[in-house]
C-alpha cells in the first residue's frame, strides 16, 4: 500500500465459486501453510469480496503491475438505488474521464469493515494522484460522502515489483 489506512501488504486470490474457496480453506495443505505463515504476521485479517451491481456478470482477473485506487464505504440505509444511480451515471463516467476508471465493484461477504469497495485502476501512482487532485474528483467525492455513504476511506495500492503475488498464490493453491 502506498497511501491510506490498513495493512501494508495485501495478498489477493480469485476463485470461480464458493466451493473452490471452501475446498482450499479446508485442506490439510492450507492448514499447514497458514499455521507456518501466522508465525510471521501481526494483526492478520481476511475478507471475502463478491462482485456487485453492474460488474456482477463481468469476468475478473488479477492485474499485476497496476496501481489501484480503492474506495471503501457503507451505503446509507434506504439510499441504495439513489447511490447506484449516482455511481452509474456520474462516478463511473467521471473516473474514466480522469484516467482512473472504475474496473470493478465489490460487496463484502465475509469479514469486517465497510461493505462496498469501488476498485479503480491506473498505470501509475502519479496518474491516481493527478486524478484525485482535481476539482472534478473533489466534487464527486464530496457528493458521494455527503449524500450516499458513511465510513468512507480510500487507499492507493502500488505494485511492489518484488513479487507477483497472484502467481505465488496460484502455485500455493495448485490442486485445489
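Throughout, read-outs are computed from the coordinates displayed, never taken from laboratory work. Because the structure is predicted, anything quoted here is derived from the model rather than measured. Here the Cβ positions follow ideal geometry from the backbone for every residue, glycine too, while neighbour counts run over all protein chains shown.
Here are some notes:
- Potential lengthening between residue 74 and residue 39 on full extension [0.36 nm per residue; Cα-Cα distance subtracted]: 9.3 nm
- Average Cα contact separation per residue, the range 49-162, under 8 Å, 6 or more apart, as relative contact order %: 42
- Spin-label model, residue 59/residue 143: points 7 Å from Cα along the beta carbon direction are separated by 3.3 nm.
- Each part gets one Cα centre, and for the range 40-80 versus the range 82-127 those centres are 9 Å apart.
- Using the Cβ-Cβ distance between residue 30 and residue 153 with R0 = 30 Å, the FRET efficiency computed as 1/(1 + (r/R0)^6) comes to roughly 0.50.
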